Amino acid sequence: MKRVQDILSQIPYAMSMCIECDDSDQGLVFTLPALTQNLNALTSSALHQGALSGFMQTSAITELMLRDSGYHQFKLIRLSVEYIKPATHRATYAQCQIIEPQDAARYVCVTAWQNDVLCPIAKAYLYF
């Protein structure tokens, strides 16, 4: 877990959003705490979609850096986010699945949820 914290500390966006990571039986689970800075300015009870997509992108990059032998930056080629339901002002969690762990390109699916892992609020598909 120390290596995860080292990677997150190198990503300014992760530090400003206070992203955390825990190791569970199913793999790494990233946490975006319920902070007022991450809320939508128009509706103060909803998580900003930009904050949610940034959280999922940061989770994917961190997961890739952990699986990679060295610390290098990954270039995002394509990002697609499906917002399934509104995210409210509470902790948000994300888990990554690397679909194509190849040397040249990587495809990552990130699922975000709040109350129940079986009820996602968003899915992100990233191609690096």
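The values are calculated or read from the model by the stated rules, or taken from the named source; none is laboratory data. In this text, all values refer to a predicted model and were calculated from it rather than measured experimentally. Cβ atoms come from the backbone with ideal geometry, glycine included; neighbour counts cover every protein chain shown.
When the range 48-58 is filtered for residues that are hydrophobic (A, V, I, L, M, F, W, C) and either more than 11 Å from the chain's Cα centre (by Cα) or modelled with pLDDT under 90 (or both), only Ala51 remains.
If you go through the range 113-128 and keep only what is in contact with a Ser or Thr (Cβ under 6 Å, 6 or more places away or on another chain) and within 11 Å of Thr92 (Cβ to Cβ), you end up with Gln114, Pro120.
Taken over the range 103-124, residues that are within 14 Å of Lys75 (Cα to Cα) and under 16 Å from the mean Cα position of the chain (by Cα) amount to 3. Applying the criterion of being within 12 Å of Arg106 (Cβ to Cβ) and assigned to a helix (DSSP H, G or I) to the residues of the range 59-87, the residue that is modelled with the lowest pLDDT is Arg67.
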